[in-house]
Amino acid sequence: MIGHIAYASGSPCPTLVLDARQFPREREPLLEALTEVRRRLVRAGGAHILKIALIEPSPHPLFDLDYRFIQALPDGPARFDLRGSCGHSVLCSVMAAGRSGMLPRQGPGDRVRVHVLNNGDHLVCETEEADRETARCTMYFLHTPPVPVTGLLLRDEPRTTLDVDDEKVTVSMVSSGNPYVFVGAREAGVSDAAELFAGGAGLFDRLGRIRSAAARLLDWSPDGAFPKIAVVVPDGAGRIAARAVTVPGWHPTLALTGAVCLGAASCIPETVPWLAAREAGCPGGQVDIRTAGGSTAVTATTRIGDGRTELAWVAVGNKTVRYHGPFFPESLTRFRPREFGECLSLPA
């Protein structure tokens, strides 16, 4: 079995892309096979690779690629979360599909239509620039037909009050791309972007406890990877600062699905991101997101249907992905440049 290693800029780690046709379809045999893959990764020095993508040509005429995301958890080779998705890993999968011959190699202007099996999402990856090892892409998250923005709320309310260690904490719980818990500045205990990015173990621990409370309210495992959590604060004209937690530490930027979810949530009145976007003066549906690792521009396109606001698609542009080569266990360590290790920032 040969896999492929690729890395999308802004991701906390590379993605191992595997051909789904070489794996069992049933859940338990699949997890057993993935556990063996992870053991081989660990033995070869790849314990830092916590994202796995299973891909194959789609049998559906509207899609080119079927994609399933596997979030490996750091507390053991047999621990996984199959609930959500990962936009950065989708980019890696499109790159690997072209390099492996599963799909034609993509050039400028080419589009790959991806069906996310985890949650049914429809994505289109459009290549802007490409060379032998890298590509720059725009990712579109489509809603066909458009969905009411209020239907993205996990609790049918724009803000939810959680019980966190005998404290009432107000958050917004939204699912678009992935389920997210959005926390404002006051609830996070910060006053501005500078304090947000400087926050260390105390802030990390607080967000972990808030996320666990949200997971319990949703009847999800607090030990899993979902829902994700991010703090959003206004950061000047037209810009929001965001900081998110990933597995197993601070996210170096913001997950691509996190940017999508934030953009969608900014269109839902009275949510935490909507309030932050209004305070920052963001144009409707357009948000410039600043993180500790760079900036991302997100555009959420809405329409009015039956007297309600509906989300049609969300676009995230200027994403770069680099192909690092096939996965041979005995030589995996050569696919671990120093920047990959530095991406996994643990709480101070």
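The values are calculated or read from the model by the stated rules, or taken from the named source; none is laboratory data. In this text, all values refer to a predicted model and were calculated from it rather than measured experimentally. These accessible areas exclude ligands, DNA and RNA; they are computed on the full protein's heavy atoms, side chains included. Shrake-Rupley method; radii C 1.70, N 1.55, O 1.52, S 1.80 Å.
Side notes on the structure shown:
- An ellipsoid equivalent to the chain, defined through the eigenvalues of its Cα gyration tensor, has semi-axes of 31, 23, 19 Å when rounded to whole angstrom and sorted largest first.
- Solvent-accessible surface (1.4 angstrom probe) belonging to R25, in square angstrom, nearest 10: 150
- With the biggest extent put first, the Cα atoms of the stretch 194-269 measure 38, 29, 20 Å across the principal axes.
- More than 16 angstrom apart: percent of Cα pairs within the stretch 66-117: 49
- If you wrap the tightest convex hull around every Cα atom of the stretch 29-77 and split its volume per residue, you get 83 Å³.
- Per the Debye calculation on the stretch 143-237 with a single equal scatterer at every Cα and no solvent contribution, log₁₀ I(q)/I(0) for q = 0.12, 0.19 Å⁻¹ amounts to -0.40, -0.93.
- Normalising the average separation of contacting C-alpha pairs (under 8 angstrom, six or more residues apart) by the number of residues puts the relative contact order of the chain at 21 percent.
- For the stretch 69-211, convex hull volume per residue from C-alpha positions, Å³: 178
- Accessible-area composition of the chain, carbon plus sulfur, in percent [1.4 Å probe]: 48
- Quotient of Cα Rg and 2.2 N^0.38 Å for the stretch 116-180, N being how many residues it contains: 1.62
- For the residues L123, L117, a 1.4 Å probe over the protein chains yields an accessible-area ranking, largest first, of L117, L123.
- In terms of its Cα atoms, the stretch 1-64 spans 39, 31, 18 Å along the principal axes, sorted from long to short.
- Debye intensity ratio I(q)/I(0), log10, the stretch 255-297, q values 0.17 Å⁻¹ (C-alpha model): -0.40
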